[in-house]
Amino acid sequence: MRRIYLDNNATTPMLPEVFEAMRPYFSEHFGNASSIHHHGQETRAAVENARESVAALLGASASEIVFTSGGTEGDNLIAGLVKAGDHVITSSVEHHAVLHTCKHLEEIGCQVTILPVDGCGLVDPDDLPRVLRPNTKLISIMMANNETGVLQPVEEIGKIAAEARILFHTDAVQAASKVPIDVNRIGCHALSISGHKMHAPQGVGALYVRKGTKLQPLFHGGRHERSRRAGTENVPGIAALGKAAELAKDGLVREDDRSLAALRDRLEREILAQVDDATVNGQGAPRVPNTTNLRFDHIEGESLVIALDLKGLAVSTGAACSSGAIEPSHVLIAMGQKPDQARGSIRFSLGKQTTEDEIAYALSLVPETVARLRELSPTYRRHAVTG
Ligand SMILES: Cc1ncc(COP(=O)(O)O)c(C=O)c1O
């Protein structure tokens, strides 16, 4: 069966160049990057080259990059920016890696304010001054949402944070490689990225930490990563992340994202033209070029995901970890949708490898599958009779 993968926000396939960049560090160059002998020096050079490449992608200095095990670890590290008694501001549409870290911070004595979003999924920066407190220490608001692709006004948020002398962290896991990132324009003190969302492997990521920002480490041990993250470095993963960062930077300069956006827009436009009662979640807000989240009234998103998978098309209802769960998406609920509406939504996320032909194939499957599922839906039949 032909298989089309449109779930790149869950994870991306590794690019061949990325795999080649990491391969030697599994076998020939196996040294511990902390060893002072030749073997260690070889892997140390690979780690430091990768640090330069990741820094270049983010507009940062190499010394500001801390390698991590991925986006979840980077987001958890915001706990190292605050202490009990501090106030933290976040948003209702964050990934659980941030929301659950904030929950943990509350349990250990921090105060947390969760900002609402509008119907497009956007935080209003004007809400920030109203919720600031004398003990506000940190704002954590994501750059791009994993479910809708909506881009938050991080530069405006960064300005407000700077005026109020508050730390600002942004989860850029779904933004890196899709839109340009410049930590100085954003004015953030910390920013997380994840390898497997940008064609590097799972289990590696990075946290940008602005020079002079005090970060209490989560892991205790050796003095790796300038004492910000103990543990022997994952050299193959880091080498891969460095290569992926280089390729992402080249792609952004060549504006590859424009052709990705054209494919996404075609998919979106043609589905909307062929399917009644379908809407784009987050329409009207700026979005990353690869993502569209569509709501199909009168069907269960999970059933549509399964029906499409049986025909070879991989899509998702949103956050990968919630696949298979009955809970409606917290992101779509925060955007004001009713649970039934949220449950009828699915996410298509394209990747660098997605072709025009694959989009045409997806278009040959989606409208017909939605129509078939609706025929089986009691609410749709009632709607068809009454309306
Ligand atoms: C916005 C966002 N933040 C954080 C994460 C967690 O990243 P990782 O899978 O590398 O732990 C994800 C993964 O889906 C994400 O989409």
Taking the condition more than 11 Å from the chain's Cα centre (by Cα) and in contact (Cβ under 8 Å) with a residue 60 or more places away in the chain, does residue 169 pass? yes
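For (1) among the charged types (D, E, K, R); (2) at pLDDT 95 or above, each residue gets a yes or a no:
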site	(1), (2)
327	yes, no
344	no, yes
361	no, yes
367	no, yes
372	yes, yes
380	no, no
Of those in segment 225-249 that are touching a Pro at 6+ places or on another chain (Cβ under 7 Å) and of a type in the set (Gly, Ala, Ser), the residue surrounded by the most Cβ atoms within 10 Å (Cβ to Cβ) is 240
Just checking, which of 311, 352 is within 19 Å of residue 4 (Cα to Cα), at pLDDT below 95 and surrounded by 14 or more Cβ atoms within 10 Å (Cβ to Cβ)? 352
With criteria (1) within 16 Å of the ligand (Cβ to nearest atom); (2) free of Cβ contacts under 8 Å to residues at least 12 places away in the same chain; (3) in a loop (DSSP other than H, G, I, E, B), residue 142 comes up short on (2)
Please work out if residue 278 is of a type in the set (Gly, Ala, Ser) and within 30 Å of residue 136 (Cβ to Cβ). no
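Residues are listed down the side, and each one gets a yes or a no for (1) out of contact with any helix residue (DSSP H, G or I) (no Cβ under 8 Å at 6 or more places or on another chain); (2) in the same structural domain as residue 234 (by TED's automatic domain parsing); (3) more than 16 Å from the ligand (Cβ to nearest atom):
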{"position": "21", "(1), (2), (3)": "no, yes, yes"}
{"position": "34", "(1), (2), (3)": "no, yes, yes"}
{"position": "38", "(1), (2), (3)": "yes, yes, yes"}
{"position": "44", "(1), (2), (3)": "yes, yes, yes"}
{"position": "47", "(1), (2), (3)": "no, yes, yes"}
{"position": "51", "(1), (2), (3)": "no, yes, yes"}
{"position": "55", "(1), (2), (3)": "no, yes, yes"}
{"position": "58", "(1), (2), (3)": "no, yes, no"}
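Is it true that residue 150 is among the β-branched types (Val, Ile, Thr) and in contact (Cβ under 8 Å) with a residue 40 or more places away in the chain? Spell out the reasoning first.
On the way: among the β-branched types (Val, Ile, Thr): yes; in contact (Cβ under 8 Å) with a residue 40 or more places away in the chain: yes.
So residue 150 passes the test.
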If you go through segment 268-302 one residue at a time, how many are crowded, with 19+ Cβ neighbours inside 10 Å and farther than 24 Å from residue 328 by Cα? 1
Cβ-Cβ below 6 Å, separation at least six or inter-chain, first residue in segment 364-376 and more than 14 Å from residue 344 (Cβ to Cβ), second surrounded by 15 or more Cβ atoms within 10 Å (Cβ to Cβ) and of a type in the set (Lys, Arg): which pairs? 365/311
Selection status of residue 12, within 16 Å of the ligand (Cβ to nearest atom), out of contact with any strand residue (DSSP E or B) (no Cβ under 7 Å at 6 or more places or on another chain), more than 30 Å from residue 128 (Cα to Cα) and of a type in the set (Val, Ile, Thr): yes
Candidates 70, 59 - the one that is closer than 29 Å to residue 148 by Cα, of a type outside the set (Asp, Glu) and within 16 Å of the chain's Cα centre (by Cα): 70
Please find, among 178, 197, the residue that is in contact with an Asp or Glu (Cβ under 9 Å, 6 or more places away or on another chain), among the basic types (Lys, Arg), within 25 Å of residue 283 (Cα to Cα) and touching a residue at least 60 places away in the same chain (Cβ under 8 Å). 178
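Name the single residue, out of those in segment 145-175 being among the β-branched types (Val, Ile, Thr) and more than 17 Å from residue 86 (Cβ to Cβ), that is nearest to the ligand (Cβ to nearest atom).
Applying the filter and picking the extreme gives 173.
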Checking the structure you have, find out if any residue of segment 113-129 is within 16 Å of the ligand (Cβ to nearest atom), touching a helix residue (DSSP H, G or I) at 6+ places or on another chain (Cβ under 8 Å) and of a type in the set (Ser, Thr, Tyr). no
Within the group 68, 72, 90, which residue is in contact (Cβ under 8 Å) with a residue 12 or more places away in the chain, among the hydroxyl-bearing types (Ser, Thr, Tyr), touching a strand residue (DSSP E or B) at 6+ places or on another chain (Cβ under 7 Å) and within 12 Å of the ligand (Cβ to nearest atom)? 68
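The values are calculated or read from the model by the stated rules, or taken from the named source; none is laboratory data. Just so we're clear, the structure is a prediction, and the values are computed from it rather than from any experiment. Neighbour counts are summed over all protein chains in view; Cβ atoms, including those assigned to glycine, are modelled from backbone coordinates with ideal geometry.
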